[in-house]
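Remarks on the structure that follows.
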Amino acid sequence: MGSIYKRTRIYWIKYYRNGKPYRESTKTTKESDAKKLLKKREGEISEGKLPGIYFDKVRFDELAEDFLRDYRINNKKSLERAERSIGHLKKSFEGRRVPLIDTPLINTYIETRQNEGAANATINRELSALKRMLNMGARQTPPKVDRVPYIPMLKENNTRKGFFEHGDFIALRNKLPDYLKGFVTFAYKTGWRISEISNLTWSKVDLDQGIVRLEAGETKNDEARTIYLDEELKEVLVRRWETRKKSGKLLSYVFLNGNGCDRLKRFDKRWKRACENAGIGVRLFHDLRRTAVRNMVRAGIPERVAMMISGHKTRSVFERYNIVNDADLKLAAQKLATYQESQMGTKSGTIIKAAVAKPNAPVAQVDRARDS
């Protein structure tokens with residue numbers, strides 16, 4: 001049974017859970033309010049919950065550290081992004097007790113970030129980190145969070161839509177230095193991420209079979225991936241292999257920097273200069289990934305196969321990369337117009353069957369067959 005007592009003018013309560021005593025200040029001078037709090041705590045304990053005083057002691061900083069520790073333990077590739085998100089969240093929530101983090105406070109954070117010029121997508125990543133922190137705290141044993149507040153997410157309208165037409169790609173590649181040409185060709189053909197190509201080693205390449213393979217854990221989605229090289233890509237890798245043998249530097253990476261002493265890393269300035277010299281405007285390297293996806297779909301490759309080549313795990317993200325351009329829209333309009341013209345003169349509810357003329361039939365006979 002619990003009890004109520006005074007310390008100076010403030011009422012305190014005492015209750016037990018699993019034989020362990022808990023003492024808590026009610027922060028009030030009214031005995032009736034103290035009795036309500038004691039009754040609440042006893043109700044929580046009777047339901048098998050931890051008393052509220054336990055949750056009141058948990059602060060944002062503790063949950064943030066648990067969140068980042070989970071990323072480190074599981075060796076998650078997005079640790080750097082998670083650390084950036086926590087850095088922004090700390091500006092508003094550091095040192096704050098978790099029960100005080102509610103929806104109005106979160107809305108204030110959103111408004112602050114928007115005023116700082118952060119994009120909705122960036123803010124959503126930060127809110128997702130906050131939500132995951134709270135959910136992790138609620139799932140622990142014993143739990144550190146007794147309730148997760150509603151966290152509103154923002155509408156994202158900043159999805160990039162850049163891609164290369166084939167002529168633009170050729171113009172760009174011609175303006176790049178030789179050591180970058182094979183690199184961008186590989187990206188244009190496969191849709192692989194820049195990090196996957198720059199980290200590609202010869203141990204993953206089988207030139208005899210024309211295969212390149214990434215093992216599980218070497219890709220962003222941690223799934224193994226195998227692609228078969230077409231003649232152009234095979235020629236690119238054969239040239240890289242011959243250059244490797246001539247140099248006498250048996251480095252493990254396939255694509256090397258301009259000096260040939262290490263794997264290819266940053267080439268922002270050369271990329272920007274080549275885009276400008278090609279007269280196509282500044283593009284993103286990631287546009288090659290979007291272009292590869294679109295080209296594979298347009299070529300009739302089944303979407304599941306295209307996803308296996310490019311390394312897309314979810315269909316929702318893949319669909320964002322399967323971009324429709326003006327030429328696609330014009331072709332759709334032409335097909336619609338052709339279809340509508342074929343329907344002229346038909347009656348509602350009828351099915352049109354193509355008339356087949358007999359061999360060597362007169363033209364007039366064929367026309368009558370079609371009119372019928």
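Nothing in this text is a laboratory measurement; each read-out follows from the coordinates by a stated rule. Since we're looking at a predicted model, the values are computed, not measured. Note that we place each Cβ from the backbone using ideal geometry, even for glycine, and neighbour counts take in every protein chain shown.
Under the Kirkwood approximation applied to all pairs of distinct alpha-carbon atoms, what is the hydrodynamic radius of region 92-162 in Å?
Values: mean 1/r = 0.0751 Å⁻¹.
Across region 92-162, the inverse of the average 1/r is 13.3 Å.
Available extension along the chain between Glu83 and Lys40 is 11.7 nm, counting 0.36 nm per residue and deducting the alpha carbon span.
If you stretched the chain out fully between Thr29 and Lys131, how much longer would it get, using 0.36 nm times the residue separation minus the C-alpha to C-alpha distance? Mind showing how you got there, number by number?
Working: separation 102, 0.36 × 102 = 36.72 nm, distance 3.66 nm.
Stretched out fully, the Thr29 to Lys131 stretch lengthens by 33.1 nm.
Phi angles of region 89-101 translate, via the Karplus equation with coefficients 6.51, -1.76, 1.60 and θ = phi - 60°, into HN-Hα couplings of 5, 4, 4, 10, 10, 4, x, 7, 5, 4, x, 8, 7 Hz per residue; Gly and Pro are given as x.
Backbone geometry of region 271-285 corresponds, through the Karplus equation with coefficients 6.51, -1.76 and 1.60 at θ = phi - 60°, to 3J(HN,Hα) couplings of 5, 4, 5, 5, 4, 5, 5, 7, x, 10, x, 6, 10, 9, 4 Hz, x marking Gly and Pro.
Calculated FRET efficiency, Lys335 to Arg304, Cβ-Cβ distance, R0 = 25 Å: about 0.50 to the nearest 0.05.
Here each label is just a point 7 Å from Cα along the line to Cβ, and for Glu215 and Val148 those points are 3.5 nm apart.
Apply 1/(1 + (r/R0)^6) to the Cβ-Cβ distance of Glu111 and Asp208, taking R0 = 45 Å, and write down the FRET efficiency to the nearest 0.05. Can you show the working numbers first?
Numbers: r = 60 Å, r/R0 = 1.34.
After rounding to 0.05, the efficiency reads 0.15.
Taking square-rooted eigenvalues a ≥ b ≥ c of the alpha carbon gyration tensor, is region 1-136 rounded, prolate or oblate, where a/c under 1.5 means rounded and, failing that, a/b exceeding b/c means prolate? Prolate, since a/c reaches 1.5 and a/b exceeds b/c.
In terms of distances greater than 22 angstrom between alpha carbons, the cross-link table entries Lys204/Lys272; Lys155/Lys269; Lys6/Lys27; Lys246/Lys272; Lys57/Lys91 yield Lys204/Lys272; Lys155/Lys269; Lys246/Lys272. Using all pairs of distinct alpha-carbon atoms, the Kirkwood hydrodynamic radius of region 60-139 works out to 12.9 angstrom. Amide H contacts for Arg59 (H built 1.01 Å from N in the peptide plane; partners 5 or more residues away or on another chain; cut-off under 5 Å): Val98. The trypsin sites (Lys or Arg not before Pro) of region 110-201 that DSSP puts in a loop, and whose beta carbon has at most 16 other beta carbons within 10 Å, are Arg147, Lys155, Arg160, Lys161. Hey, how many Å between the Cα centroid of region 239-284 and the Cα centroid of region 71-113? For region 239-284 versus region 71-113, the Cα centre distance is 38 Å. Label sites at Asp262 and Glu276, each approximated as a point 7 angstrom past Cα along Cα to Cβ, lie 2.6 nm apart. Between Leu251 and Lys20, the modelled labels are 5.7 nm apart [label points 7 Å from Cα along Cα→Cβ]. Karplus-based coupling profile of region 124-133, in residue order and whole Hz: 4, 5, 5, 5, 5, 5, 4, 5, 5, 4, with θ = phi - 60° in 6.51 cos²θ - 1.76 cosθ + 1.60 and x standing for Gly or Pro.
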